[in-house]
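One structure below.
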Amino acid sequence: MESNHFGRVKQPKISDIIMKELESMILEGSFTAGQKLPPERELAARFEVSRPSLREAIQKLIARGVLFSRHGGGTYVSEQLGTSFADPLQDLISSHDEFLYDQLEFRDALESLAAYYAALRSTDADKTKLTHCFNQLIEANQNKAFALEAKLDVEFHMTIAEAAHNVVLLHTLRSLHAMLAKSISSNLRNLFEKQAARQRVMEQHTNLYQAIMDGDAEAARTAAHTHLVFVEDNLLKMRQEETRIQRSLRRNEHQNPL
């Protein structure tokens, strides 16, 4: 009699399957960094599993640092997710213009690619979300709400990244935006205060939005590139002006000591 060399196929634990599903939802952006998860009862019903199995999956993700719980306040996605680029390079970027340029150049390449794929892959739900964000952006532009417009500008581009349906692209862009958030939002506010520039940016956003809604991938890529080159050029000009002013002030201090 031949011995059977095949062992039993090990069935995966229900909690491991739930854990993988939760991980996928986080990677796809269904749950974002810092977001509170729905209540246990709701999640268990959504996955059609028992609450103990769900609880076990959540505990495993807490142990790995993907989730964290607040006493009496539910379970949240770790706020550290997507910040891996941020800390070590933050000081370098803020103090060296050439590093800022490298990051903006990289962002241009990625966002042009995201726009291309969003035009090809965006679902009806993606287009609904993008339309909602675009309409808010138009309203902020018309109301001259500079701070809100800068915030919605970033949100508009991240919604496009989500619609590209590439999780590596999405999380790389999230990391870049987290790292560049301070310089971009403050500089965009300055940029939006210039009427002609704000109008140009809105026209560029409209072209980008329309190309994605039309499913024209090449037009979307071109529109994203045109827009980002314009913004990058203006951000860099502002940074150079700021540096010149600082140099001038330093010179004056040395020439006219107290």
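The values are calculated or read from the model by the stated rules, or taken from the named source; none is laboratory data. Predicted model only: the values in this text are computed from it and were never measured. Using ideal geometry, Cβ is built from the backbone for each residue, glycine included, and neighbour counts are taken over all protein chains shown. The area values use the complete protein model at the heavy-atom level, side chains included, leaving out ligands, DNA and RNA. Shrake-Rupley method; radii C 1.70, N 1.55, O 1.52, S 1.80 Å.
General remarks:
- Output for the range 181-229, where each listed residue is part of a helix (DSSP H, G or I), at pLDDT below 90, open to solvent by 50 Å² or more (accessible area, probe 1.4 Å) and not aliphatic (A, V, I, L, M): LYS182, ARG189, ASN190, GLN195, GLN199
- The residue that is surrounded by the most Cβ atoms within 10 Å (Cβ to Cβ), among those in the range 25-65 that are of a type in the set (Ser, Thr, Tyr) and closer than 20 Å to GLU79 by Cβ, is THR32.
- Residues (open to solvent by 20 Å² or more (accessible area, probe 1.4 Å), within 21 Å of THR222 (Cα to Cα), without any contact (Cβ under 8 Å) to a residue 60 or more places away in the chain and assigned to a helix (DSSP H, G or I)) located in the range 112-167: ARG121, ASP126, VAL154, GLU155, MET158
- Picking from residues in the range 28-60 that are without any contact (Cβ under 8 Å) to a residue 40 or more places away in the chain and basic (Lys, Arg), the one that is nearest to ALA161 (Cα to Cα) is ARG46.
- Residue check for ASP102: modelled with pLDDT of 75 or more, among the acidic types (Asp, Glu) and within 20 Å of ASN234 (Cα to Cα): yes
- In the range 56-76, the residues that are under 24 Å from the mean Cα position of the chain (by Cα) and not aliphatic (A, V, I, L, M): ARG64, GLY65, PHE68, SER69, THR75, TYR76
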